[in-house]
Amino acid sequence: DLKELIAIVNRAPLEELPARVEKLLDVDSVLAALAVDAVTVNLDSYRGYGHNYFIYRRVSDGRFQFIPWDGNLSFGGFNFEHDSAGLQALPNDWTAENYRSDWKRPLASRLFAVPEYKARYEQMIEQLLSIDADPYVLVSRMTELRDLIRPWVEKEEGVLYPIASFEA
């Protein structure tokens, strides 16, 4: 259960962590979400404020899956007091623990401490940067999606930002 997963993440000896955690957690779902957050500079997430995610227990195999949500402040929209140069300089494995030592992110820090997981994470980032985040492909897809949802955005009531911000 979730309490057991938390105990394993927090207390299992590092050499035992993979064998124990993989029984309860889809590790790749965590690594993939963290990689996307790194590439999109999403600090309004588990990496930063420690929120905007769910841990869901799949019925198919009983393992927990990491599901991120609310990425609207990606691409530096929430900058954690970093300027543009500071955001660009963040290491791939940055978490709020690097910002404040009392803001623990044990799921990330413990997984990053396992060389196999760290290597898989770095491979995911490389794939995102070389294939999935190709600026020409990405901007084209973003434009397509923007155009798709524009009519609903224009009709939305009680918005936080004007339509000009959507178009920017």
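Measuring between their Cα centroids, the range 91-146 and the range 41-70 lie 13 Å from each other. Per-atom-type breakdown for the chain gives carbon and sulfur 57% of the accessible area (1.4 Å probe, protein chains only).
What number, in percent, do you get for the relative contact order of the chain if the mean sequence gap of Cα pairs under 8 Å and at least 6 apart is divided by its residue count?
The value is 22 percent.
Positive end of the dipole of the range 28-168 (Cβ unit charges, origin at the Cα centre): among 140, 66, 98, the Cα lying farthest that way belongs to 66.
Annotation: per residue accessible area for the range 46-112 equals 59 Å², rounded to a whole number [probe 1.4 Å, protein chains only].
Label-to-label distance for residue 55 and residue 163 is 4.3 nm, based on points extended 7 Å past Cα in the beta-carbon direction. For the chain, the alpha-carbon coordinates run over 52, 39, 32 Å along the three principal axes, in decreasing order.
The values are calculated or read from the model by the stated rules, or taken from the named source; none is laboratory data. Predicted, not measured: the structure shown is a model, and the values here were computed from it. Ideal geometry is used to build each Cβ from the backbone, glycine not excepted, and the neighbour counts take in all protein chains shown. The accessibility values were calculated without ligands, DNA or RNA, using every heavy atom of the protein model including side chains. Shrake-Rupley method; radii C 1.70, N 1.55, O 1.52, S 1.80 Å.
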